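Below is one structure, written out as structure tokens, with a few remarks after it.
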Amino acid sequence: MKIVAMVGSNRSESYNMKLVKFMQSRYAGKADIEILPIDQLPFYNQDDELNPPEIVKEIRAKIKASDGILFATPEYNASISAVLKNAIDWFSRVETVMVNKPAMIVGASMGAMGTVKAQMQLRQILNAPGVGTLTLPGNEVFVGSVQNKMDEEGNLTDESTVQFIDSVISNFINWTGKVEA
């Protein structure tokens, strides 16, 4: 199964990037997770959407060829990041490659509630016309107090969190196999 990941943080020590890399390694036998370089996208500009930069074309093709999308969102001021919103804007216009694509959302933060508010907003955005991803209900992954659940190498060390993500990934893979994108 081919899953592309959009990590909404461009911080060098991003917990969300570490979480996706952990998932990439842990579930390598079940899913091929490719992290898309959305931090390299220029700001979306409607003037350029019919003749987009090469990076937009490359990422668009990868999303189109994927079986599903993994969104990893930090929470900035109770919202998603500009990096993630910009990527969604690029891929929800002209060739709408996310419509009916199975999607999963994860988020990690140092706060106790994880990325609850950002994920609520992201779910609204993912339901917008032109975006229209299919998000598996009831499988929210909020990794709060992540600094206490991850080692220096980016491995999740909190066993209950790992077991929960194991079950959500399994649910997502099974569900994605049943959904026709």
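Have a look at Glu13, Glu54, Glu34 and point out the one that is under 13 Å from the mean Cα position of the chain (by Cα) and surrounded by fewer than 19 Cβ atoms within 10 Å (Cβ to Cβ). Working first, answer last.
Details: Glu13 fails: under 13 Å from the mean Cα position of the chain (by Cα); Glu54 fails: under 13 Å from the mean Cα position of the chain (by Cα).
Unique residue meeting the criteria: Glu34.
Step by step: first the residues of region 124-141, then only those that are at pLDDT 95 or above and of a type outside the set (Val, Ile, Thr), then the one that is most open to solvent (accessible area, probe 1.4 Å). Which residue is that?
Among those residues, the one meeting the criterion is Gln124.
Please list, ordered by residue number, the strands (runs of 3 or more DSSP E) wholly in region 1-82 having 3 or more residues that are in contact with a Ser or Thr (Cβ under 9 Å, 6 or more places away or on another chain).
Numbers: elements: 2-7, 32-35, 68-72.
The qualifying strands (runs of 3 or more DSSP E) are 2-7, 68-72.
Can you find even one residue in region 109-118 that is over 15 Å from the mean Cα position of the chain (by Cα), surrounded by 15 or more Cβ atoms within 10 Å (Cβ to Cβ) and not in a loop (DSSP other than H, G, I, E, B)?
For region 109-118, residues over 15 Å from the mean Cα position of the chain (by Cα), surrounded by 15 or more Cβ atoms within 10 Å (Cβ to Cβ) and not in a loop (DSSP other than H, G, I, E, B): present.
For region 143-168, what are the residues that are within 16 Å of Lys21 (Cα to Cα), open to solvent by 60 Å² or more (accessible area, probe 1.4 Å) and either free of Cβ contacts under 8 Å to residues at least 60 places away in the same chain or part of a helix (DSSP H, G or I) (or both)?
Answer for region 143-168, where residues must be within 16 Å of Lys21 (Cα to Cα), open to solvent by 60 Å² or more (accessible area, probe 1.4 Å) and either free of Cβ contacts under 8 Å to residues at least 60 places away in the same chain or part of a helix (DSSP H, G or I) (or both): Gln147, Glu152, Glu153, Thr157.
Do you know which residues across region 83-105 are open to solvent by 30 Å² or more (accessible area, probe 1.4 Å), assigned to a loop (DSSP other than H, G, I, E, B) and either among the basic types (Lys, Arg) or within 19 Å of Asn174 (Cα to Cα) (or both)?
Arg93, Asn100, listed by residue number.
For region 122-139, name all the residues that are of a type in the set (S, T, N, Q), part of a loop (DSSP other than H, G, I, E, B) and touching a residue at least 12 places away in the same chain (Cβ under 8 Å). Explain how you work it out, then say what you get.
Residues of region 122-139 that are of a type in the set (S, T, N, Q), as a first pass: 124, 127, 133, 135, 139.
If we keep only those that are part of a loop (DSSP other than H, G, I, E, B) too, we end up with 127, 133, 139.
Result: Thr133, Asn139.
Failed condition for Tyr76, given (1) at pLDDT 95 or above; (2) open to solvent by 60 Å² or more (accessible area, probe 1.4 Å); (3) hydroxyl-bearing (Ser, Thr, Tyr), with all others met?
The failed condition is (1).
The values are calculated or read from the model by the stated rules, or taken from the named source; none is laboratory data. Owing to the predicted nature of the structure, the values given are computational and were not obtained by experimental measurement. In this analysis, Cβ positions are derived from the backbone assuming ideal geometry, glycine residues included, and neighbour counts consider all displayed protein chains. The accessibility values were calculated without ligands, DNA or RNA, using every heavy atom of the protein model including side chains. Shrake-Rupley method; radii C 1.70, N 1.55, O 1.52, S 1.80 Å.
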